[in-house]
1. Quick check, is K64 open to solvent by 80 Å² or more (accessible area, probe 1.4 Å), closer than 25 Å to E13 by Cα and touching a Phe, Trp or Tyr at 6+ places or on another chain (Cβ under 6 Å)?
2. Among the residues of the stretch 30-47, write down those that are open to solvent by 70 Å² or more (accessible area, probe 1.4 Å) and part of a loop (DSSP other than H, G, I, E, B).
3. Select from the stretch 48-61 the residues that are open to solvent by less than 40 Å² (accessible area, probe 1.4 Å) and at pLDDT below 95 and write down the one among them that is farthest from A16 (Cα to Cα).
4. So, of the residues in the stretch 67-108 that are in a loop (DSSP other than H, G, I, E, B) and either closer than 21 Å to Q3 by Cα or modelled with pLDDT of 95 or more (or both), which turns out to be least open to solvent (accessible area, probe 1.4 Å)?
5. How about the stretch 6-28: which of its residues are open to solvent by 70 Å² or more (accessible area, probe 1.4 Å) and either in a loop (DSSP other than H, G, I, E, B) or of a type in the set (A, V, I, L, M) (or both)?
Amino acid sequence: MNQVYLSFNIGNELYAINVLKVLEVLQKQEITPVPNAPEYIMGIINFRGEVVPVFNTRVKFNLKSLNETDAFAIAVLDLEKNGEPFRIGATVDWVKDVITISDNDIKTSASNE
């Protein structure tokens, strides 16, 4: 079976996430800082009337952080952890393409086995 993914770049690396998890890709916008938040949390945005935290993927992946003048997009994602749904925004340097990948071409990580 084939899966459809949104591919994007962070630094020099190409990543992809299942399009079913992506609600929207937003252009750079005002992010309200949150006091005492972890370094990788840039702040929050108003997404369709809902407060959504935005994390800086570059900081999370130990890359050079984004500056206020840098161009980036925010991928708003619907995710799940321990059966509980949550919504986040994740910065991406740029969105590349929507791609189709065969399940046979996807390797699971050791932690998922």
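1. Working: open to solvent by 80 Å² or more (accessible area, probe 1.4 Å): yes; closer than 25 Å to E13 by Cα: yes; touching a Phe, Trp or Tyr at 6+ places or on another chain (Cβ under 6 Å): no.
No, not satisfied.
2. E30, P33, P35, N36, E39, Y40
3. Step by step, filter the stretch 48-61, then rank; the result is V59.
4. I106
5. First, the residues of the stretch 6-28 that are open to solvent by 70 Å² or more (accessible area, probe 1.4 Å): 12-15, 20-21, 27-28.
Of everything in the stretch 6-28, those that are open to solvent by 70 Å² or more (accessible area, probe 1.4 Å) and either in a loop (DSSP other than H, G, I, E, B) or of a type in the set (A, V, I, L, M) (or both) turn out to be N12, L14, L20, K28.
The values are calculated or read from the model by the stated rules, or taken from the named source; none is laboratory data. Just so it is clear, the structure is predicted and the values come from calculations on it, not from any experiment. Note that we place each Cβ from the backbone using ideal geometry, even for glycine, and neighbour counts take in every protein chain shown. The area values use the complete protein model at the heavy-atom level, side chains included, leaving out ligands, DNA and RNA. Shrake-Rupley method; radii C 1.70, N 1.55, O 1.52, S 1.80 Å.
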